[in-house]
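**Student:** Here it is: the structure, laid out below.
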């Protein structure tokens, strides 16, 4: 559960390495909302002006999320793909406490320094940066459009909501703004994971569903754990109950991630994966197995593709919570403070073991780790959650293959707060660079994005 | 200049002492936007449910400003006057660091504790409180309408802007949301002070205008300062250049305050004053004086009415910056951090000596006093200032006799961000209890307020 709270950012595959940008730094106060602490620090931002029509063209501003900004700049191909058409300046701003935007250097994530890692502070950083980019002007010379995916999509939407005078509109892709207490059932994420697998094969889902009991029973013998370590190429055998739980959590995350990044092309973000990874892995568990070992061997193939597709790892370290290049280690803190996203499984409508959401247990774990108690209602109170009627100029896009769509806005809220549903899209596929394998629905979604962006820009000039 | 930055809250006169309320307390975090500090404290709020239609009636929520909340509850008669008609619950919330809502008791205003006195933190307090009053509900059972005057009016408007999911609409009376760098000329406040006097008598203005040089010249002799102390009933003679400056600042504030609270009925807020105080005082300086002493004697009469109308003070303490019952001592800190409101006089279009706005000097004074430097652009970046197009459901009312109207919004911004101009109103007269002497324009303004409130409530129920 703990690990499932990572809001994994799916970045991509077909990223073009030739994107060029200037790397710059901008000074921000540690605390925008109080004056007791007067430290400042630098956040990183990346700029490309190749296509910018100075003085007329808009700024396309990526509201960086939990990771190094270079990764987002590299993989948010949609912004690069449309920059020329809109004669736009591209800016990618790094979120405080991620990447190199560290207020206290390598001590930033220590409990005594991490407390200023909040979405409100990050948005205030972005507001200051946009104000600076607009020349601190009372009447800014050009409009700013916010873009973001996943948590970055939430930030893009929130940026427009809280600072509409600074941002003309926002493309918020796969932003689970409803993934908070009481707004959607906590099992919705895992239900969608399951349905993304079921689309490929019902038998695949049935086998995964039965694998949990098999695995728990199987690992009771040390002979079996030795066999499992060898067959699954694990770095450590799952010898203890705790190890088995860790392994099961790892597998559950795996299925979630596979559904999330179930793109129609090869991707290499969290781990290298083939095109249509759900389809690829399901072929190994899409049959009637004659015994437990055969079933587990099939699951082992899934694991091998997920964790070692390029055969670069000597063994699979299921105890590691590392997510490749994207260093999102601050996210657990955000999940333990304001971004409390209940997650559960029912064991009925999903292919997982039953695991209820237990806020109290979660809160105690947060307290033990970070000496904070989560503010269960904070995000709803700050950002409205299910009450976005008064906002404007936001596109909330979601792919229905994406487990995070469950916490997304799938119905248009008003004339200007618009839902865009991409039936066969995974996690913020619409922000990715265009690709020959793109389904028609994402091509259509990108057209709608461009129409809205153009509308917001025209409104700005009126 | 320093003292002129006080955003004086004009409260009133005809306040009905029979208003009844329950006094309650609500726990808030010291810091809503960071988790490094985990202290909490209590803010005070007052509640009246006499007319409330439970489960259907709205909450009318006063966003407390710089002072004890009882003072606002007592004087915001408009809310009491319409409670029955709307079957509303009344809530008056006290602003942190004012009144009894002190995070660190009587040490709260010490430099090492005062840093969490910001508008953003106060608004977050109010959001938490409203959420609590709404039963922490995902779909709140009744709408909330925000009310506020002066800085409280700014807060009411900002509350709707930043938390539209929590507040259905806002009546923002005499809210100088444009009184920030670059939005309006810094002399506008004092220009309106002057014109409010000029309406009564041009000669009054001319005499006040010539009094400054007279006073400076006159006080060069100690015989004269002794005479002045006696004639003006001053506690101390203005013997030094610094004293003279303090006295002049006191007089300048006096004229500003007289214009601000230039109500058609007796008032007793900052100091007891007669109805139409500008008219009353001008009668003492509305002639051709034969010499300096006669002119100064006239000014002394003005001073006497302003500072000792009820003859309860033994002498006039022009060195005191106390403002009666409203303990607004935190305001200077807010003016020195985020609420930087440039003020100046030109000596041309106003009846004062020329005194330019000098941000650098101001900033150094703030630094010396509070160890902070003012964030000149903070309010504009946070709240939009002159760019309110994307906001909705806000009424911004201003009386044209009120010097703060210069920093107010006098032109309707959009269908739902509406300006209400009260031609012969002083500072947030529309929020005061109804009075037989009310001009027709304020009666009309209150009707418009009620229409808007009804519209917002109906919208909420749709």
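**Student:** Could you compute how fast the stretch A:317-390 diffuses translationally, taking Rh as the Kirkwood radius over C-alpha pairs and applying Stokes-Einstein at 37 °C with viscosity 0.692 mPa s? Give it in µm² per second. All intermediate terms of the calculation are to be shown ahead of the outcome.
**Tutor:** Details: Rh = 14.5 Å.
Approximately 226 µm²/s, per Stokes-Einstein.
**Student:** So what's the angle, to the nearest 10 degrees on a 0 to 90 scale, between helix A:222-232 and the longest Cα principal axis of chain A?
**Tutor:** Here the helix axis deviates by roughly 50 degrees.
**Student:** Could you give the angle, 0 to 90 degrees to the nearest 10, between helix B:119-133's Cα long axis and the longest principal axis of the Cα atoms of chain B?
**Tutor:** Approximately 40 degrees, to the nearest ten.
**Student:** Continuing with the same structure: By what distance, in whole Å, do the Cα atoms of chain A stretch along each of the three principal axes, largest value first?
**Tutor:** Principal-axis extents of chain A (Cα, largest first): 72, 50, 40 Å.
**Student:** Nearest 500 deg cm²/dmol is fine: what mean residue ellipticity at 222 nm does the protein assembly as shown get from its DSSP H runs of n ≥ 4 alone, each adding -39,500 (n - 2.57), divided by its residue count?
**Tutor:** On the way: 28 runs with 346 residues, N = 924.
My calculation for the protein assembly as shown gives -11500 deg cm²/dmol from helical runs alone.
**Student:** Turning to a different aspect of this structure: At what distance in angstrom do the alpha carbon centres of the stretch B:408-458 and the stretch A:405-462 lie from each other?
**Tutor:** The stretch B:408-458 and the stretch A:405-462 have Cα centres separated by 41 Å.
**Student:** Give the nm distances, rounded to one decimal, from residue B:107 to the matching residue in every other copy, measuring between label points 7 Å along Cα toward the beta carbon; shortest first.
**Tutor:** Shortest to longest, the spacings are 2.4 nm.
**Student:** Quick one: grab the alpha carbon gyration tensor of the stretch B:78-188, order the square roots of its eigenvalues as a ≥ b ≥ c, and give me rounded if a/c is under 1.5, else prolate or oblate depending on whether a/b is larger than b/c. Please report the intermediate quantities before stating the final value.
**Tutor:** Details: a/c = 1.81, a/b = 1.20, b/c = 1.51.
Cα axes put the stretch B:78-188 in the oblate bin.
**Student:** Relative to the present Cα-Cα distance, how much length would full extension add between residue B:292 and residue B:458 at 0.36 nm per residue of separation? Kindly include the intermediate steps, with their values, before the conclusion.
**Tutor:** Numbers: separation 166, 0.36 × 166 = 59.76 nm, distance 6.24 nm.
Additional length available on full extension: 53.5 nm.
**Student:** List the relative contact order of the stretch A:333-455 as a percent without decimals, with contacts defined as Cα pairs under 8 Å and 6+ residues apart.
**Tutor:** RCO, the stretch A:333-455: 17 percent.
**Student:** So how do A:178, A:32 line up by other beta-carbon neighbours within 10 Å, fewest first? Please list the in-between numbers first.
**Tutor:** Working: A:178 20, A:32 26.
Going from least to most buried by this count: A:178, A:32.
**Student:** Here is a further query. Using alpha-carbon pairs under 8 Å, 6+ residues apart, how would you state the relative contact order of the stretch B:218-353 in percent? Mind showing how you got there, number by number?
**Tutor:** Working: 119 pairs, mean separation 32.9, N = 136.
Relative CO of the stretch B:218-353 lands at 24 percent.
**Student:** Still on this model: Considering only the label points, 7 Å along Cα→Cβ from Cα, what distances in nm to one decimal separate residue B:347 from the same position in each other copy, shortest first?
**Tutor:** Spacings between copies for this position, smallest first, are 8.6 nm.
**Student:** Let me ask something else. Identify, for chain A, the residue whose C-beta comes nearest the rotation axis onto chain B, and round that distance to whole Å.
**Tutor:** It is A:33, 2, counting Cβ atoms only.
**Student:** Kindly give the distances from residue A:25 to its copy-mates, label point to label point, with each label point 7 Å from Cα along Cα→Cβ, as nm values to one decimal ordered shortest first.
**Tutor:** From this label point to the equivalent ones elsewhere in the assembly: 4.6 nm.
**Student:** Could you list B:461, B:357 so that the one with the fewest beta carbons within 10 Å of its beta carbon is first and the one with the most is last?
**Tutor:** Arranged by neighbour count, lowest to highest, B:461, B:357 become B:461, B:357.
**Student:** Relative to the longest principal axis of the C-alpha atoms of chain B, give the angle of the C-alpha long axis of helix B:151-162, reported between 0 and 90° and rounded to the nearest 10°.
**Tutor:** Result, in degrees: 30.
**Student:** I would also like to ask the following. Please work out the Cα center distance from the stretch B:203-233 to the stretch B:107-163, rounded to the nearest Å.
**Tutor:** Their Cα centres are 46 Å away from one another.
**Student:** Under the rule a/c < 1.5 gives rounded, and otherwise a/b versus b/c splits prolate from oblate, where does the stretch A:282-439 land using the Cα gyration tensor?
**Tutor:** Working: a/c = 1.84, a/b = 1.29, b/c = 1.43.
Because a/c hits 1.5 or more and a/b fails to exceed b/c, the stretch A:282-439 counts as oblate.
**Student:** Apply the a/c threshold of 1.5 to the C-alpha gyration tensor of the stretch B:416-462 and tell me whether it is rounded, prolate or oblate.
**Tutor:** Details: a/c = 3.04, a/b = 2.06, b/c = 1.47.
Verdict is prolate for the stretch B:416-462.
**Student:** Mind giving me the nanometre distance, one decimal, between the label points for residue A:415 and residue B:40, set 7 Å out from Cα along Cα→Cβ?
**Tutor:** Those two pseudo-labels are separated by 4.3 nm.
All of the numbers you see were taken from the coordinates with simple rules; none came from a lab. Everything quoted here is computed from the prediction, not taken from an experiment. Cβ: placed from backbone, ideal geometry, glycine included. Neighbour counts: every protein chain shown.
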